[in-house]
Amino acid sequence: MNNNINWKEACLSKSDTIRDAIGNLNKTSLRIVIIVNKNIELIGVITDGDIRRGILNGANLDQNLDRVINKNPLTVIKGEKNQKILKILNDNNMFSIPIVDIEGKVCGIETTQHLMKEKTRENWVFLMAGGYGTRLEKLTKDTPKPMLEIGDKPILENILENFMAHGFYKFYISLHYMPEKFVDYFGDGSKWGITIKYIKEDTPLGTVGSLSLFPENTEHPIILMNGDILTRVNFDHLIEFHRNSDAFATMCVRQYDFQIPYGVVDVDEHNFKNILEKPSQELFVNAGIYVFNPEIIGYLEKNRPNNIPDILNKLTENKKNIKVFPIHEYWIDVGTMDSYKKAVIDISTY
């Protein structure tokens, strides 16, 4: 909860006027007025939009607030995690939200601005979004895969919001297929209060080649991520793990359980040893999320195809410290029709 906001200044009673609410909105810059009773119990909220709609419907500025109150506002319970609060705000295009206790009494206000500035990360996030998405067939004929909507917003916007919830605000997006779709939608990122820059591949540069065109001079590790992954990975923990491990590169991995559909026979030349009926194997697979120290650029052939396995092998040959970061949070690669349909269903709890 934002203790720096004097939320009581945003409180009015039902008997106050619409004019009072306008004055309150201008004074606090919180974009919300909270209507409470004498016990500070929440009655409703009023935003600039509520007032404008009321005026269009004939409300007079000197009438009391009953004409424009939203009596069923979204709220969060005191103690809720900041990441979840920011998701609620973003999903509902809200700037502020009341915080209430279990008795319905107002005890604070949280804002998008505060949550994003509470802890900022200077790391650049490099999102690779240049693929054709051919496995999604007709869905990507006129729309790049990262711009497909899941939960009423593009996959890439969901990705950005998860990073923003952890304080990241500096992004590069690598583009090739239909780059104008991304630029027209995201622009420079100012709509979200972040910085977005673009790198455009004239020809496909593999799974990491576009990073060779990264122009920034930075001392902070760079997060590299595929632009078609939905995940709730805690990027704070990822960056701290990378630093604390003194890693040059960190690869996120996830556990993949694979059941062999046959009995597996163990033999020694022509001799039978044993048989396991349809055994299950647990493997770690690449999750498409990486952290690299900025010196990685020197290991990439500029503007030439570079792929992750080759680069990691090169780093190994150069005795660089490469770590793996197992993820247990929600993760899905939206690369096929089945995974796309699953992501559409999952988004309500994602």
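Say whether the condition of being hydrophobic (A, V, I, L, M, F, W, C) and either touching a helix residue (DSSP H, G or I) at 6+ places or on another chain (Cβ under 9 Å) or on the phi > 0 side of the Ramachandran plot (or both) is met by at least one residue in region 50-57. Walk me through it before giving the result.
Step one: of region 50-57, the residues hydrophobic (A, V, I, L, M, F, W, C) are 51, 55-56.
Subsequent filtering for residues that are either touching a helix residue (DSSP H, G or I) at 6+ places or on another chain (Cβ under 9 Å) or on the phi > 0 side of the Ramachandran plot (or both) retains 51, 55.
Within region 50-57, one or more residues are hydrophobic (A, V, I, L, M, F, W, C) and either touching a helix residue (DSSP H, G or I) at 6+ places or on another chain (Cβ under 9 Å) or on the phi > 0 side of the Ramachandran plot (or both).
Residue-by-condition table, conditions (1) assigned to a loop (DSSP other than H, G, I, E, B); (2) closer than 28 Å to Ile311 by Cα:
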| site | (1), (2) |
| --- | --- |
| Trp124 | no, yes |
| Leu127 | no, yes |
| Tyr132 | yes, yes |
| Thr143 | yes, no |
| Phe171 | no, yes |
| Pro204 | yes, yes |
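When region 173-195 is examined, which residues are found to be touching a Ser or Thr at 6+ places or on another chain (Cβ under 8 Å) and free of Cβ contacts under 8 Å to residues at least 40 places away in the same chain?
Result: Met178, Lys181, Asp188, Gly189.
Exactly one of these conditions fails for Val233: (1) within 23 Å of the chain's Cα centre (by Cα); (2) at pLDDT 95 or above. Give me its number.
Just one mismatch for Val233, condition (2).
Considering only residues that are of a type in the set (Phe, Trp, Tyr) and in a loop (DSSP other than H, G, I, E, B), look in region 324-350 and name the one that is modelled with the highest pLDDT.
Filtering region 324-350 for residues that are of a type in the set (Phe, Trp, Tyr) and in a loop (DSSP other than H, G, I, E, B), the one modelled with the highest pLDDT comes out as Tyr330.
Residue check: is Leu56 in contact (Cβ under 8 Å) with a residue 60 or more places away in the chain, hydrophobic (A, V, I, L, M, F, W, C) and farther than 22 Å from Glu9 by Cβ?
No: the conditions fail for Leu56.
Can you tell me which residue among Asp268, Asp246 is exposed (fewer than 10 other Cβ atoms within 10 Å of the Cβ), closer than 28 Å to His220 by Cα and out of contact with any helix residue (DSSP H, G or I) (no Cβ under 9 Å at 6 or more places or on another chain)? Lay out the reasoning, then the answer.
Numbers: Asp268 fails: closer than 28 Å to His220 by Cα.
The unique qualifying residue is Asp246.
Please determine whether any residue of region 152-161 is touching a helix residue (DSSP H, G or I) at 6+ places or on another chain (Cβ under 7 Å) and at pLDDT below 95.
yes
Restricting attention to region 298-321, does a residue exist that is in contact with a Cys (Cβ under 8 Å, 6 or more places away or on another chain) and of a type outside the set (A, V, I, L, M)?
no
Which ones in region 237-282 are free of Cβ contacts under 8 Å to residues at least 12 places away in the same chain and of a type in the set (Lys, Arg)?
Lys273, the sole residue that qualifies.
Restricting to region 245-270, name every residue that is modelled with pLDDT under 90, out of contact with any Asp or Glu (no Cβ under 9 Å at 6 or more places or on another chain) and not charged (D, E, K, R).
Gln259, Ile260, His270, listed by residue number.
Which pairs turn up if I take residues in region 14-28 that are under 11 Å from Ile51 (Cα atoms) and look for partners that are in a helix (DSSP H, G or I) and not aliphatic (A, V, I, L, M) with beta carbon separation below 9 Å, at least 6 apart in sequence or on another chain?
Pairs found: Ile18/Gly54; Ile18/Arg67; Ala21/Asp50; Ile22/Asp48; Leu25/Asp48.
The values are calculated or read from the model by the stated rules, or taken from the named source; none is laboratory data. Fair warning: this is a prediction, and the values are worked out from it, not measured in the lab. Virtual Cβ from ideal backbone geometry, glycine too; neighbours counted across all protein chains shown.
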